[in-house]
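The values are calculated or read from the model by the stated rules, or taken from the named source; none is laboratory data. What you see is a predicted model; the values in this text were computed from it and never measured. Cβ placement follows ideal geometry from the backbone for every residue including glycine, while neighbour counts extend to all protein chains displayed.
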Amino acid sequence: MHFDFAAIMLSVLLVSGAIWAFDLVGAGRKRWALYKKVESEQREPSDNETELLKEPILIDYARSIFSVILIVFIVRSFIFEPFRIPSGSMMPTLVNGDFILVNKFDYGIRIPVINKKIIDLGSPERGDVVVFRYPDEPHIDYIKRVVGLPGDEIHYEDKRVYVNGEPVGLETIGDYPGWSDTNEMKGALVLKESLGEIEHEILLDDRRRSQLDTFKVPAGEYFVMGDNRDHSNDSRFWGYVPDENLVGRAFFIWMNFSSFSRVGNSIQ
């Protein structure tokens, strides 16, 4: 079952805000008028007035919930949003269990829930690690690296990327030692890849056959790949990411309960 957290927060925000607002224009105004009356007369309220001045517990909860949810909703919708990495498709950059932060405003301000861009602040650059809504199932969030920009021609041959006819820079690092107690991807080849000004590591698995294909990136869309090249479901298999599916740019690992050494690492 899919839960749209943004829609749920918006619903809670609207309900709690409506309860608080109705009280402010109704019983809340009467309580405030009584309070000012007692204050102007410089006396203690009577027992009956004390009861009338008490704020109903429902209103107290609604006001508190509205305030907290409003702050979380604004931060999560327009500034930063946390995500958890659920797979190894971005190894070695990101591993299963990483909790990351995603910058929500680098690529423009979008209306929450409907995700319509209203202010254009920028576009992904080649090499950015982006979170996006999977085109085939938009309720699922994916994370990959931008390899091709609109208009680019991407060629993949012998496990190497060519952008507009030019091979991207590759430098062999060595064998991957494996991740955590599972030894996931142990022995895979680690290479340093250069996409534009961004240098990052990728993994290649010699046990997997190489692909051969060429892609022409349409206007307004992006070609993305996982850094774990032979174990990633990405644009090579299902196509391109439309600009309207972008969620934001991943930039920071804030927690991993299996390896605290990863906490605080920036994402390149």
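Restricting region 1-33 to residues that are assigned to a helix (DSSP H, G or I) and charged (D, E, K, R), which is nearest to the chain's Cα centre (by Cα)?
Residue satisfying both the conditions and the ranking: Asp23.
Scan region 206-218 and give yes if some residue there is at pLDDT below 95, touching a Lys or Arg at 6+ places or on another chain (Cβ under 8 Å), in a loop (DSSP other than H, G, I, E, B) and polar (S, T, N, Q), otherwise no.
yes
Looking at Ile100, is it out of contact with any helix residue (DSSP H, G or I) (no Cβ under 7 Å at 6 or more places or on another chain) and exposed (fewer than 13 other Cβ atoms within 10 Å of the Cβ)?
Answer is no for this residue.
Mind listing whichever residues of region 141-163 are at pLDDT 95 or above and either assigned to a loop (DSSP other than H, G, I, E, B) or hydroxyl-bearing (Ser, Thr, Tyr) (or both)?
Hits for region 141-163 are Tyr142, Leu149, Pro150, Gly151, Asp152, Tyr156, Tyr162.
Name the residues in region 113-139 that are in contact (Cβ under 8 Å) with a residue 24 or more places away in the chain, hydrophobic (A, V, I, L, M, F, W, C) and in a loop (DSSP other than H, G, I, E, B), would you?
The one that is in contact (Cβ under 8 Å) with a residue 24 or more places away in the chain, hydrophobic (A, V, I, L, M, F, W, C) and in a loop (DSSP other than H, G, I, E, B): Val113.
Considering region 79-96 alone, what residues qualify as being of a type in the set (A, V, I, L, M, F, W, C) and exposed (fewer than 15 other Cβ atoms within 10 Å of the Cβ)?
If the condition is that a residue be of a type in the set (A, V, I, L, M, F, W, C) and exposed (fewer than 15 other Cβ atoms within 10 Å of the Cβ), then Ile79 is the only one that fits.
In the list Gly151, Gly187, Gly127, which residue meets the criterion of being small (Gly, Ala, Ser) and under 19 Å from Val247 (Cβ atoms)?
Being small (Gly, Ala, Ser) and under 19 Å from Val247 (Cβ atoms) holds for just one of Gly151, Gly187, Gly127, which is Gly127.
Any residue at all in region 164-181 that is at pLDDT 95 or above, closer than 20 Å to Ser87 by Cα and either of a type in the set (Lys, Arg) or buried (at least 18 other Cβ atoms within 10 Å of the Cβ) (or both)?
no
Any residue in region 240-251 that is assigned to a strand (DSSP E or B), surrounded by fewer than 19 Cβ atoms within 10 Å (Cβ to Cβ) and either more than 18 Å from the chain's Cα centre (by Cα) or β-branched (Val, Ile, Thr) (or both)?
So far as region 240-251 goes, no, none of its residues is assigned to a strand (DSSP E or B), surrounded by fewer than 19 Cβ atoms within 10 Å (Cβ to Cβ) and either more than 18 Å from the chain's Cα centre (by Cα) or β-branched (Val, Ile, Thr) (or both).
Among (1) touching a Leu at 6+ places or on another chain (Cβ under 7 Å); (2) surrounded by 18 or more Cβ atoms within 10 Å (Cβ to Cβ); (3) in a strand (DSSP E or B), there is one condition His200 misses while meeting the rest; what is its number?
(1)
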